[in-house]
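The values are calculated or read from the model by the stated rules, or taken from the named source; none is laboratory data. Please read these numbers as outputs of a predicted model, since none were measured by experiment. Cβ coordinates were reconstructed from backbone atoms using ideal geometry, including for glycine residues, and neighbour counts include every protein chain displayed.
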Amino acid sequence: MAEHPAYPVGLRLTGRRVVVLGGGQVAQRRLPALIAAGADIHLVSPEVTPSVQAMADAGEITWRRRPYEEGDLTDAWYALIATGDTEANTRASAEAERRRVWCVRSDDADEATAWTPATGHSEGVTVAVLTTDARGRDPRHTAAIRDAVVEGLRDGTLVAPHHRTRTPGVALVGGGPGDPDLITVRGRRLLAEADVVIADRLGPRDLLAELPPHVEVIDAAKIPYGRYMAQEAINNALIEHAKQGKSVVRLKGGDPYVFGRGMEELQALAEVGIPCTVVPGISSSISVPSAAGIPVTHRGVAHEFTVVSGHVAPDDERSLVDWPSLARLTGTLVILMGVDKIGKIAETLVAHGKPADTPVALVQEGTTAAQRRVDATLGTVAETVRTEDVKPPAVIVIGEVVKVGPTAAAPPK
């Protein structure tokens, strides 16, 4: 038997009898996949691990509290033999052979009629890796191959094009704060599968260079607006490309719903019946301070943090922010899009009771190689921004947490 490779096959076990002998660690690892496959699982073992006990208590498996007996494999389609009794395992595998039941043995693969592959999953695909023969079995190598393939599928570095018709639609993908490694696994995979990418200036630009040549990349800032407002033009571009049957990714910086107008785009798509997937992203409001060595909360220092948009000055009638209330809070205040308004913001906070010596940190181009941190106080921040030439994008952190960590953090490599 060892002269020939194993024949790979996927078993459809829904409602079919599967017998597991042994309730130890091997069974604990294998049972979840059998449960997920919908198998009618009968476990035979005098004792089981607490996790296996929980599966039995939940009714996911049927547990017979005794050692293996001849006849336990009657009417089984598949058997997993994993007891600590070699003699019992041998008898059970002999019964499986007589009854023509495919049988896996945890203690002796050479005596088994089936082998369990190293498996992984990625968006509806199961990756299963088998060693070609028993003599060269190396479970760690097999698992490493599986992990490499699954990781490649998840992060988009291993692209498998779809050849069947896909449902056109749009994915609103949060790209994170700027470092391309901080996009989510799902976001990167959808980006790799896209036909069209409409990207914001603050999205992870380095990822765009990795896209195949056929992918159309559109800079959202350069979409011709004509008689439309900027956001309306972007909405129309999403709709137009999706109606052409293309897979469209709207790549945003941070998270689509944190000052990203993601809901506006989703609503526009919903009005014309175009399906939309929203992929959350890591918001710069917490990740950029962290990259600069600033915790937005810290025991004994700050029990809260508030994130506000600073794109509208406090004295602007369009402002929706209750600045006087923010001045009374004792926690951390994080301001996005506020570099050019920070002088008026600081003045307002001080006027409503915030001490002028409250620490302030401005983190420019956070998480990227160009990251830099500039420290000030509410009383000096306006002048510091001018003298240090702080430019957007920058996250502003106000509060005692600024003094908790190191005064400067090295930019990511």
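For region 265-313, which residues satisfy the criterion of being under 30 Å from HIS241 (Cα atoms) and among the charged types (D, E, K, R)? Result: GLU265, GLU271. Of the residues making up region 196-214, just one is surrounded by fewer than 18 Cβ atoms within 10 Å (Cβ to Cβ) and within 15 Å of HIS241 (Cα to Cα), namely HIS214. The number of residues in region 269-306 being without any contact (Cβ under 8 Å) to a residue 12 or more places away in the chain, farther than 13 Å from GLU400 by Cβ and not assigned by TED's automatic domain parsing to the domain that holds PRO256 comes to 1.
Residue count for region 79-102 satisfying the condition of being surrounded by fewer than 22 Cβ atoms within 10 Å (Cβ to Cβ) and among the hydroxyl-bearing types (Ser, Thr, Tyr): 2.
Residues of region 229-263 that are surrounded by 14 or more Cβ atoms within 10 Å (Cβ to Cβ) and either in a loop (DSSP other than H, G, I, E, B) or among the acidic types (Asp, Glu) (or both): GLU232, LYS246, GLY253, ASP255, PRO256, TYR257, VAL258, PHE259, GLY260, ARG261.
Of all residues in region 53-76, those satisfying the criterion of being of a type in the set (A, V, I, L, M, F, W, C) and either closer than 18 Å to ALA92 by Cβ or in a loop (DSSP other than H, G, I, E, B) (or both) are ALA58, ILE61, TRP63, LEU73, ALA76. Is there a residue being at pLDDT 95 or above and touching a His at 6+ places or on another chain (Cβ under 7 Å) anywhere in region 392-401? Yes - at least one qualifying residue is present in region 392-401. When you check ALA39 against the structure, is it assigned by TED's automatic domain parsing to the domain that holds GLU60, in contact with a Leu (Cβ under 6 Å, 6 or more places away or on another chain) and either of a type in the set (D, E, K, R) or surrounded by 13 or more Cβ atoms within 10 Å (Cβ to Cβ) (or both), yes or no? It is true that ALA39 is assigned by TED's automatic domain parsing to the domain that holds GLU60, in contact with a Leu (Cβ under 6 Å, 6 or more places away or on another chain) and either of a type in the set (D, E, K, R) or surrounded by 13 or more Cβ atoms within 10 Å (Cβ to Cβ) (or both). Against the test of being buried (at least 16 other Cβ atoms within 10 Å of the Cβ) and modelled with pLDDT of 95 or more, the options SER284, SER309 yield a single qualifying residue, SER284. When SER45, SER106 are checked against the criterion of being modelled with pLDDT under 95 and surrounded by 15 or more Cβ atoms within 10 Å (Cβ to Cβ), SER106 stands alone in meeting it.
When you look at SER290, is it surrounded by 21 or more Cβ atoms within 10 Å (Cβ to Cβ), of a type in the set (S, T, N, Q) and not in a loop (DSSP other than H, G, I, E, B), yes or no? Walk me through it before giving the result.
On the way: surrounded by 21 or more Cβ atoms within 10 Å (Cβ to Cβ): no; of a type in the set (S, T, N, Q): yes; not in a loop (DSSP other than H, G, I, E, B): yes.
Answer is no for this residue.
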